Amino acid sequence: MELVIRCLVLYVLIWFFFRIAGKRALRDMTAFDFVLLLIISECTQQGLIGKDYSITGAATVVATLLGADILLSLLKQRFEKLERGIDCVPVILIEAGRVHPDRMRKERVDEADIMAAARQSQGIGRLEDIDYAILEVSGGLSIIPRERGQRRPGRD
């Protein structure tokens, strides 16, 4: 039973830490991010297993983690507020061509991130050619280009 409790506590703690880190923490991993993830996994290993190096102990930890993940996904399907609290919601960073710097600051996304996504996904080279930029729950950026000939009051 101790293994199950340790596992659940670490599951919640790691979820909490990555929630604080934000959506972009794992989306575009650099070499440093990958090394950090490996270090985190090594640090949590002792907390999960303790002194129990048996196959039964390892199986208990794996079953607990998978069970917690399945239970959480079922609860998220049933309770929409829980899903929003755990997974967040997409955030509109550019809306109808209007940049929301407060949202960008909160999500730690800058114009360079948006432009990189715009170039990669849509071949867009200018910020004013973006109609919508949305930070998805996965941490990726969705870019919707401005339609050709579309006019915006006060912008053209």
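The values are calculated or read from the model by the stated rules, or taken from the named source; none is laboratory data. None of the values given here were measured: they were computed from a predicted structure. Every residue, glycine as well, gets a Cβ built from its backbone with ideal geometry; the counts of neighbours run over all protein chains shown.
Overview of values
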quantity	calculated
Filtered residue count, the stretch 43-52, keeping only those that are polar (S, T, N, Q) and exposed (fewer than 13 other Cβ atoms within 10 Å of the Cβ)	2
Flag if ILE55 is hydrophobic (A, V, I, L, M, F, W, C), under 20 Å from LEU135 (Cα atoms), free of Cβ contacts under 8 Å to residues at least 40 places away in the same chain and exposed (fewer than 12 other Cβ atoms within 10 Å of the Cβ)	no
Any helices (runs of 4 or more DSSP H) falling wholly within the stretch 28-143 and containing at least 2 residues that are polar (S, T, N, Q) and assigned by TED's automatic domain parsing to the domain that holds TYR11	31-49, 55-78
Residue, farthest from the chain's Cα centre (by Cα), within the stretch 36-51, restricted to residues that are of a type in the set (A, V, I, L, M) and under 11 Å from ILE14 (Cβ atoms)	LEU48
Breaking point among (1) among the charged types (D, E, K, R); (2) under 30 Å from SER41 (Cβ atoms); (3) more than 19 Å from the chain's Cα centre (by Cα), for ARG84	(3)
Members of the stretch 16-42 that are at pLDDT 80 or above and surrounded by fewer than 13 Cβ atoms within 10 Å (Cβ to Cβ)	PHE16, PHE17, VAL35, LEU38, ILE39, SER41, GLU42
